[in-house]
1. Select from region 327-343 the residues that are touching a residue at least 40 places away in the same chain (Cβ under 8 Å) and part of a loop (DSSP other than H, G, I, E, B) and write down the one among them that is most open to solvent (accessible area, probe 1.4 Å).
2. Under 9 Å between Cβ atoms, which residue pairs at least 6 apart in sequence (or on different chains) link something in region 404-420 that is under 18 Å from Ala333 (Cα atoms) and at pLDDT 95 or above with a partner that is small (Gly, Ala, Ser) and not in a loop (DSSP other than H, G, I, E, B)?
3. Step by step: first the residues of region 388-419, then only those that are among the charged types (D, E, K, R) and surrounded by fewer than 17 Cβ atoms within 10 Å (Cβ to Cβ), then the one that is farthest from Gln373 (Cα to Cα). Which residue is that?
4. Testing Leu264 on (1) in a loop (DSSP other than H, G, I, E, B); (2) open to solvent by 30 Å² or more (accessible area, probe 1.4 Å), one condition comes back false. Which one is that?
5. Give me a count of the residues in region 214-224 that are within 9 Å of Thr56 (Cβ to Cβ) and touching a Pro at 6+ places or on another chain (Cβ under 6 Å).
6. Going residue by residue through region 193-205, is there one that turns out to be touching a residue at least 24 places away in the same chain (Cβ under 8 Å) and touching a strand residue (DSSP E or B) at 6+ places or on another chain (Cβ under 9 Å)?
7. Give me a count of the residues in region 215-267 that are of a type in the set (Ser, Thr, Tyr), under 27 Å from Ser191 (Cα atoms) and within 14 Å of the chain's Cα centre (by Cα).
8. What is the residue count in region 149-165 for residues that are out of contact with any Pro (no Cβ under 7 Å at 6 or more places or on another chain) and open to solvent by less than 30 Å² (accessible area, probe 1.4 Å)?
Amino acid sequence: MHSEQLTRRSFLQTMSATAILTGRLQSHDRPNIVMVVVDDLGTGDAGCYGNPVIKTPGLDLLAQHGTRFTHGFCTTASCSASRSVILTGLHNHANGQYGHMHDFHHFKTFDHVQSLPVLLQRAGYRTIRTGKYHVAPPSVYAFEDEIVPGGSTPLERAEACAPAFDQTDSRPFFLYFCTNEPHRPFVRDGSDPVSPEEVLVPDYLPDIPETRAELARYYMSVQRADRGLLRLIELLQQSNVWDQTIVVFISDNGIAFPGAKTTLYEPGMRLPCVIRRPDISPGICDAMITWADLTPTLLDLAGMGAEVPALDGRSFKEVMAQSSSEGWDEVFASHTFHEVTMYYPMRVVRGRRYKLIWNIAHGLPYPFATDLQASETWQGTLARTRSHYGKRPIQDYLHRPKFELYDLEQDPHEIQNLAGDSNYQVILEDFQARLRTHQQRTGDPWILKWEYE
């Protein structure tokens, strides 16, 4: 059944009637899966991640019932490209979704790729999406149904999902729930206002009035997104499916400010990840995971096992239930485009202490996303003719060397580049070799740049 052409009502009616006719009303033994992806949320921007100002009762509740990851990373700090990784388990250099899919950007995933919703549907899941999609083509990212709410808020979107939870169907469901918040222009409502004086300005941003004003609006947009998550949890509980449902919460990439989104510095790629599994106790996990690991993990939790195709990521199902995260001490990132005009391929290997960024197009000035270039924070910095943007010199942000090597223990803000320091040449060469091996394993076309240029 290709029910993307069905209305939400007709889909639910059809599936309910089918279940009744076949007598398949018994409960299933596989977990339901809800994946919540918010847009441009930074790591420290929630109560459970240490921010006392932003009110996030939904995410905080999920963390109380689930596993809060301290080292979760996107592999590319751009919306479309990151979502393609989330839904395929392949880096964007492998799945073909190098950048944005909408308008003239026109990037899309290779036709042969098998996505998470397609694989889950093949395994007997109902697959439903609502909210931001931002991947292409629809044939690769096919869901049985799309829920379109009557209003535009995350709360209204959550309410519209209630019938899907109450549906009498023998199959487990996969719900892909995405908000536009807190993406610029920081859409917010009037509840829980935040004043510029209250916000916490991170070190990578300048503490100027423009930054505080934008952060206050961003905080309120985060709170608006969280209200949808909280309501979603309530509906799962009221529908008596909470104890059979895995809930995943992530952000696609870092906060939409220069220095975070579109970069592979820590604010761009280190992100919140909270996963609630009914079969394990709540806790905190410091395993280093990436969004390429999400699809193989969810397929593993769905019991697919040997049916899972070869992927770049790997399942972290077992490490979630263990006290040790041994073997999960290294991640890789691959960014090529944001907008089509923003060609700036970067490849990253990050360990517990050291991090290497290879700026493949280092001869070019670093390109800006249109909304980040126009942001009050960036323009306010330029108007003051400051030499630094946060802790980083503006010239270092705009003009980057071929390699950036950082000691994250001594230099968590990634300011002191050690790539040219003779004392770190052994580490540099080791990390370069690790990166190249990863590119070979994942079929990265940009591996040619080691020799070509």
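1. Keep residues of region 327-343 that are touching a residue at least 40 places away in the same chain (Cβ under 8 Å), which gives 328-340, 342.
Now drop any that are not part of a loop (DSSP other than H, G, I, E, B), which leaves 328-329, 336-340, 342.
Numbers: Trp328: 22, Asp329: 69, Thr336: 0, Phe337: 29, His338: 5, Glu339: 20, Val340: 52, Met342: 8 Å².
Out of the qualifying residues, it is Asp329.
2. Going by the 9 Å Cβ cut-off, the qualifying pairs are Leu408/Gly351.
3. Within region 388-419, the match that is farthest from Gln373 (Cα to Cα) is Glu409.
4. (2)
5. Residues of region 214-224 within 9 Å of Thr56 (Cβ to Cβ): 222-223.
Within this subset, residues satisfying the condition of being touching a Pro at 6+ places or on another chain (Cβ under 6 Å) are 222.
So the answer is 1.
6. Yes, that holds for at least one residue.
7. 1
8. The total comes to 8.
The values are calculated or read from the model by the stated rules, or taken from the named source; none is laboratory data. What you see is a predicted model, and the numbers here were worked out from it, not measured in a lab. Methodologically, a virtual Cβ is constructed for each residue, glycine included, from the backbone with ideal geometry; neighbour enumeration extends over all protein chains shown. Keep in mind that these areas ignore ligands, DNA and RNA; they rest on the heavy atoms of the full protein, side chains included. Shrake-Rupley method; radii C 1.70, N 1.55, O 1.52, S 1.80 Å.
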